[in-house]
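First up is the structure itself, then whatever we jot down about it.
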Protein chains: 2
Amino acid sequence: MFQSIASYGFKLPLYERVRLQIQERLSKHVWDINQPIPSESELSEEYGVSVGTVRKAIERLVEDNLLVKIQGKGTFVKQPNFSASLMKFFRYRNTQGELIEPIGVLKKVEKISAIPAINGILKLAPTDSLIYLERVRLIDGAIMLSEKIWLPYDLFNSLLDISLQDFGNLLYPFYYDRCNQLIASANEKLTFVKGYRDMYLDNPADETLLKICRIANNLEHIPVEYRESFGCTTNFHYEVNIV
Amino acid sequence: MFQSIASYGFKLPLYERVRLQIQERLSKHVWDINQPIPSESELSEEYGVSVGTVRKAIERLVEDNLLVKIQGKGTFVKQPNFSASLMKFFRYRNTQGELIEPIGVLKKVEKISAIPAINGILKLAPTDSLIYLERVRLIDGAIMLSEKIWLPYDLFNSLLDISLQDFGNLLYPFYYDRCNQLIASANEKLTFVKGYRDMYLDNPADETLLKICRIANNLEHIPVEYRESFGCTTNFHYEVNIV
DNA sequence: AAGTGGTCTAGACCACTCT
DNA sequence: GAGTGGTCTAGACCACTTG
């Protein structure tokens, strides 16, 4: 009964193959978000494996934040909460010291040809095309952050069909809904640059700017977004949990 | 045979009680660091539980980075590698762009009485005493970072017996060796301050300084260190993995 | 009472490392 | 070949939620 997953390779342990099966059904949104997915015994019967094997598969998916188990009720699809996870690391404070969620406004979406450095970061073939975004983030109408974003064309070309004003405040939910790419982890580097003039920030040339380079990965740990953000240090607030 | 761990409370699952038993032996350094710990079947016999239960207990300890399993060889005590984990997040670069490990020099160690704000952060009783450290970090002999560190007196009083020059480059290995406190996670907040003059940095009053506030937790997720670091933005480089 | 996930057991066989 | 951890199974009982 596992011929269908032969393509995954038979060297994978059974519970990993079951995990991939379930994960595939998850990304196809087969199950209603408010209903429990089939029970462990149902799945074990369906896949013809023991309950313990299904449990182990589901355990991994829970670790990956794709499922949530609730004792007595069942196992549920977890919809990623972006504003509570990734975006919380990146904050500005107002003069009263309260946290602010900057408003994201997209300025440009276009297809561009390969850029060796970026293609290298995104682990693409040297000639693969890219999607290029420009975006600013506003606080009280003032531009605090200017972002340049590069994405693999093959995965994100559907973004070209969306008009600028239809992009929401957060990009990652868009990636998820439109391109089926769930951003699951990221690496960020913070540095400071002097003498860089940004077209949107319109900053004095001698001002020290914050520069954040982010490589964001999907669930399969494949880098799918490279982003460079430039910002003013005023009221900037960065928070991170190291585990 | 589990009377000895009655103090942990009998509501804990068996594998959790076994985990705590093993963890206790780990923190007492019962096992040689270069030898495998007793095998799963040996431990299951010793504790009078099934192999599966021991496996689950060890699984958790591996997740916590306390043990490492190597198939065919055994399970080994993992000594925490601080320079490769926590400290990698915090870097300066030289003019060639290469990463530099700043040298840490301790300037002050003393017992102080309670500070309401700090005691609150460290979740101590309002009158509990503290250990206070001052420390600078140097690159090419120049002070790049000035750190103020507060620790619970009860856990860290043995630091008072160590002379300043005997503190090594990294503090966390010291916490581990001398006070049995393994720093396992941390929360850091980066902000910028202007108008703060630091005694060690000896900075101009109008320079914008980086300020990093860190709350570091031990394995039991109890906060055991609060640290405020002030630094120059020049050549500063901060890297973090978000998962 | 029925169904869910949570815990625990016992035992089989496999893959790997060492001697 | 002996010993280790890795995978997989089958089944018992418990804790929790819902009708």
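Scanning the range B:213-243 for residues that are within 20 Å of B:Glu101 (Cα to Cα), within 13 Å of chain A (Cβ to nearest Cβ) and among the polar types (S, T, N, Q) turns up B:Thr233, B:Thr234, B:Asn235, B:Asn241.
Summed over the range A:99-129, the residues that are among the hydrophobic types (A, V, I, L, M, F, W, C) and more than 14 Å from A:Ile215 (Cβ to Cβ) give a count of 10. Under the condition of being open to solvent by less than 20 Å² (accessible area, probe 1.4 Å) and farther than 18 Å from B:Phe230 by Cα, the residues counted in the range B:125-143 number 2. Can we say A:Ser146 is surrounded by 13 or more Cβ atoms within 10 Å (Cβ to Cβ), more than 30 Å from B:Leu190 (Cβ to Cβ) and touching a Phe, Trp or Tyr at 6+ places or on another chain (Cβ under 7 Å)? No; evaluated as a whole, the condition is false for this residue. Within the range B:184-243, the residues that satisfy the criterion of being touching a helix residue (DSSP H, G or I) at 6+ places or on another chain (Cβ under 9 Å) and among the acidic types (Asp, Glu) are B:Glu188, B:Glu225, B:Glu239. For the range A:52-73: of the residues being surrounded by 14 or more Cβ atoms within 10 Å (Cβ to Cβ) and within 9 Å of DNA strand D (Cβ to nearest atom), which is farthest from A:Ser27 (Cα to Cα)? The qualifying residue farthest from A:Ser27 (Cα to Cα) is A:Thr53. Among the residues of the range A:156-168, not a single one is in a strand (DSSP E or B), more than 10 Å from every other protein chain (Cβ to nearest Cβ) and without any contact (Cβ under 8 Å) to a residue 12 or more places away in the chain. Is it fair to say B:Gln165 is polar (S, T, N, Q) and closer than 19 Å to B:Glu101 by Cβ? Spelling it out, B:Gln165 is indeed polar (S, T, N, Q) and closer than 19 Å to B:Glu101 by Cβ. Which is away from DNA strand C (no atom under 14 Å from the Cβ) and open to solvent by less than 50 Å² (accessible area, probe 1.4 Å), of B:Ile33, B:Ile37? B:Ile37 is the lone residue from the list that is away from DNA strand C (no atom under 14 Å from the Cβ) and open to solvent by less than 50 Å² (accessible area, probe 1.4 Å).
The set of residues in the range A:175-198 being more than 26 Å from A:Ile242 (Cβ to Cβ) and either of a type in the set (Asp, Glu) or open to solvent by 30 Å² or more (accessible area, probe 1.4 Å) (or both) consists of A:Asp177, A:Arg178, A:Asn180, A:Lys194, A:Gly195, A:Tyr196, A:Arg197, A:Asp198.
One residue alone among B:Arg55, B:Arg91 is more than 30 Å from B:Pro126 (Cα to Cα), basic (Lys, Arg) and touching a Phe, Trp or Tyr at 6+ places or on another chain (Cβ under 8 Å), and that residue is B:Arg91. Of all the listed residues (B:Leu43, B:Leu26), the sole one being closer than 20 Å to B:Lys69 by Cα, assigned to a helix (DSSP H, G or I) and at pLDDT below 90 is B:Leu26.
Here is a yes/no grid of residues against (1) assigned to a strand (DSSP E or B); (2) in contact with a Ser or Thr (Cβ under 8 Å, 6 or more places away or on another chain); (3) within 30 Å of A:Asp64 (Cα to Cα):
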site	(1), (2), (3)
A:Ala114	no, yes, no
A:Gly120	no, no, yes
A:Lys123	no, no, yes
A:Leu133	yes, no, yes
A:Trp150	yes, no, yes
A:Leu170	no, yes, yes
A:Phe174	no, no, yes
A:Ser185	yes, no, yes
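Per this entry, A:Asn94 is counted among residues that are in contact (Cβ under 8 Å) with a residue 40 or more places away in the chain, more than 16 Å from DNA strand D (Cβ to nearest atom) and not hydrophobic (A, V, I, L, M, F, W, C).
Can you find a residue that is open to solvent by 50 Å² or more (accessible area, probe 1.4 Å) and part of a strand (DSSP E or B) anywhere in the range A:216-238? No, there is no match, as no residue in the range A:216-238 is open to solvent by 50 Å² or more (accessible area, probe 1.4 Å) and part of a strand (DSSP E or B). Just a yes or no: is a residue in the range B:188-205 over 22 Å from A:Asn235 (Cα atoms) and either within 14 Å of chain A (Cβ to nearest Cβ) or part of a strand (DSSP E or B) (or both)? So far as the range B:188-205 goes, no, none of its residues is over 22 Å from A:Asn235 (Cα atoms) and either within 14 Å of chain A (Cβ to nearest Cβ) or part of a strand (DSSP E or B) (or both). For the list (1) of a type outside the set (A, V, I, L, M); (2) within 16 Å of DNA strand C (Cβ to nearest atom); (3) in a helix (DSSP H, G or I), I need the number of the one condition that A:Thr75 fails. Only one criterion in (1) of a type outside the set (A, V, I, L, M); (2) within 16 Å of DNA strand C (Cβ to nearest atom); (3) in a helix (DSSP H, G or I) is unmet by A:Thr75, namely (3).
Here A:Val49 meets the list (1) within 8 Å of DNA strand D (Cβ to nearest atom); (2) at positive phi almost entirely, failing just condition (2).
The values are calculated or read from the model by the stated rules, or taken from the named source; none is laboratory data. Every value quoted in this text rests on a predicted model; they were computed, and no experiment measured them. Cβ sites come from the backbone with ideal geometry, for glycine too, and all protein chains shown count toward neighbours. Keep in mind that these areas ignore ligands, DNA and RNA; they rest on the heavy atoms of the full protein, side chains included. Shrake-Rupley method; radii C 1.70, N 1.55, O 1.52, S 1.80 Å.
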